[in-house]
1. Output the residue which, of all residues in region 157-201 that are modelled with pLDDT under 85 and among the charged types (D, E, K, R), is farthest from residue 23 (Cα to Cα).
2. Kindly establish whether residue 206 is in contact with a Leu (Cβ under 7 Å, 6 or more places away or on another chain), outside the structural domain of residue 39 (by TED's automatic domain parsing) and outside any strand (DSSP E or B).
3. Examine region 473-482 for a residue that is within 24 Å of residue 389 (Cα to Cα), in contact with a helix residue (DSSP H, G or I) (Cβ under 6 Å, 6 or more places away or on another chain), modelled with pLDDT of 80 or more and outside any strand (DSSP E or B), and state whether such a residue exists.
4. Do you know which residues across region 110-164 are of a type in the set (S, T, N, Q) and more than 20 Å from residue 85 (Cα to Cα)?
5. Restricting the search to region 89-107, which residues are in a helix (DSSP H, G or I) and either touching an Asp or Glu at 6+ places or on another chain (Cβ under 8 Å) or closer than 13 Å to residue 158 by Cα (or both)?
6. Residues in region 361-380 that are surrounded by 14 or more Cβ atoms within 10 Å (Cβ to Cβ), of a type outside the set (Phe, Trp, Tyr) and in a helix (DSSP H, G or I): how many?
7. May I ask you to list the residues in region 309-349 that are at pLDDT below 70 and in a loop (DSSP other than H, G, I, E, B)?
8. Among the residues of region 140-174, which ones are out of contact with any Phe, Trp or Tyr (no Cβ under 8 Å at 6 or more places or on another chain) and in a helix (DSSP H, G or I)?
Amino acid sequence: MGARALKTKITLNLALLLLLGMLSIDLVTTVTAQRNLIRAEISKGKAVSGLIASYLSEHATWENMSAVSDFRNRVGLALNEAGACGLILLDRNQRRISFGLSRCAPEEAVAAYTEQALASGTESVQFIGSTFGFFGMQHEYLVIATPLRRNEELVAGFSLVFPLEGIYRSLRNSQQILFPYIFINVAILVFIGVYRVVKLYLQPLVRLAQRAEDYKEDDAMLFAVRKEDNELQRLSSSLNGLMRRLSADKKKLRDTVASLETANVELKRAQSEIIRAEKLASVGRLSAGIAHEIGNPIGIVTGYLELLKHQEISEEERVEFLNRAQQEIERISAIIRQLLEISRPASGSCQPFSVHALIEDMVEGLNLQPFMAHIRLKPELQAQDDIAALDSNQLRQVFLNLIINAADAVSAKGPESRGELSIATENALAVEAVSGKTRNWLHIHFKDNGSGIPAEHIDSIFDPFFTTKEPGKGTGLGLAVSFMIMESVGGTLRAASAVGEGTVMTVLLPVVPESAEAKPICRASLERSDVGSRPPR
């Protein structure tokens, strides 16, 4: 199909170029022929004028020219034989004799040119009138104005008028013969030209294209052309060299792709291990704090059990001691349950959930932790839309890391320092860079009044193993893991801080529209495809 279309284009363009070329040649030829014919007509007119001037000077007088009919008949016959349509004779006394001008050119115009020749004493060539020629409107008559002398004395002047219509008519008639020949020649030349172009270029190109379509990896020679295909043979050799180099690099490319896939699997495994290690570190810190919180109730229960061993206590006191022991045991159970809620392992559940409910649950559990004793948690949940569709346990780990960092920042101000951590939410609309659609986002701001982060460190806090804490008090993975988790679920994490004024960590999450079905974002799905949305920048 492509070769036929190319052949058609070549045919049309070749026909157009040949037609334009031949028409140009015809135009130049016709213009030249017209100019030569007019020059020949002028030469003939001058020759006839010379003969008439010689005859009139020797044999004719004004009286016999104007009165003798025989003379007038001979002049008229001579004009017809010369191809002139009229003659006008004018003497110095402005007497005028005309022959045939009534059916020819305007007499007054011809008389004016005769007067000019009589006054100047020189022969002149003039054109008058207009008619439809070969190239539009052109001159209709040729006027040869000649002075008449007798014995070297200027006695009169005359003008011969020649029609040019015959020249134009002959040129038009010639075109009626030339145009068919032009089109026949164009057709023949186009056929020969297309045949040669197809044979020399299109057929070899078609063979190259067909060979490329039938190419197999084990083919030794892909592109082959004949010796008479000239430059295409060089093109074929170049293409063969290119394909050989591509084939040689194909195995290397496969090995590279395989190594990249292996590295990607290892990277994902390392990422999972880092997240798991950071979670264990957070749980270990919580467990260390809770050990003291559990020890007190256990000591109280032990004390009540010792009292119950005494026989002298009353029944009412026995019941009271049992109730108090039960309350302490329930307190221990609540502490352990809260610890499990905070540090529960990721189950891969990706059902839509309320972010506000998750924050409230974490605040309730963390308020009992010893490391939060000097910090007041202040939820300010103002967002109207807080439903997210992702793994809630991963988001729980992010929130836990941010709260622990805030507690450490407040503690860094001094052992007696007390602080406040507000957790505020709001909704904001933003245009997605990928799809260009407007989407609703949930902004969660963790704002503390701790020691703050120096400006030179703010750009490095999300780097793995970067920490400003003392050795043994931080791994430098908390914020890096949190940032990694947020990026994996289609959100992001931002930081703003000033030394001595506190820090604001902002979590950005896409929310699920109420009218749309929630599409969970899980780790498994992330490994198969990219997340469809990106947070506003």
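The values are calculated or read from the model by the stated rules, or taken from the named source; none is laboratory data. Bear in mind the structure is a predicted one, so any value in this text is a computation, not a measurement. When we count neighbours, we look across all protein chains shown, and the Cβ atoms used for this are built from the backbone with ideal geometry, even at glycine.
1. Looking at residues that are modelled with pLDDT under 85 and among the charged types (D, E, K, R), I get 199.
2. Working: in contact with a Leu (Cβ under 7 Å, 6 or more places away or on another chain): no; outside the structural domain of residue 39 (by TED's automatic domain parsing): yes; outside any strand (DSSP E or B): yes.
It is false that residue 206 is in contact with a Leu (Cβ under 7 Å, 6 or more places away or on another chain), outside the structural domain of residue 39 (by TED's automatic domain parsing) and outside any strand (DSSP E or B).
3. yes
4. 116, 120, 122, 151
5. 101, 107
6. Narrowing region 361-380 to residues surrounded by 14 or more Cβ atoms within 10 Å (Cβ to Cβ): 361-363, 365-366, 368-369, 371-372, 374-375, 377, 379.
Pick out the ones that are also of a type outside the set (Phe, Trp, Tyr) and you get 361-363, 365-366, 368-369, 372, 374-375, 377, 379.
Cutting the leftovers down to in a helix (DSSP H, G or I) gives us 361-363, 365-366, 372.
Of the residues in that region, 6 qualify.
7. Passing the criteria: 344, 345, 346, 347, 348, 349.
8. 165, 166, 167, 169, 170, 173, 174
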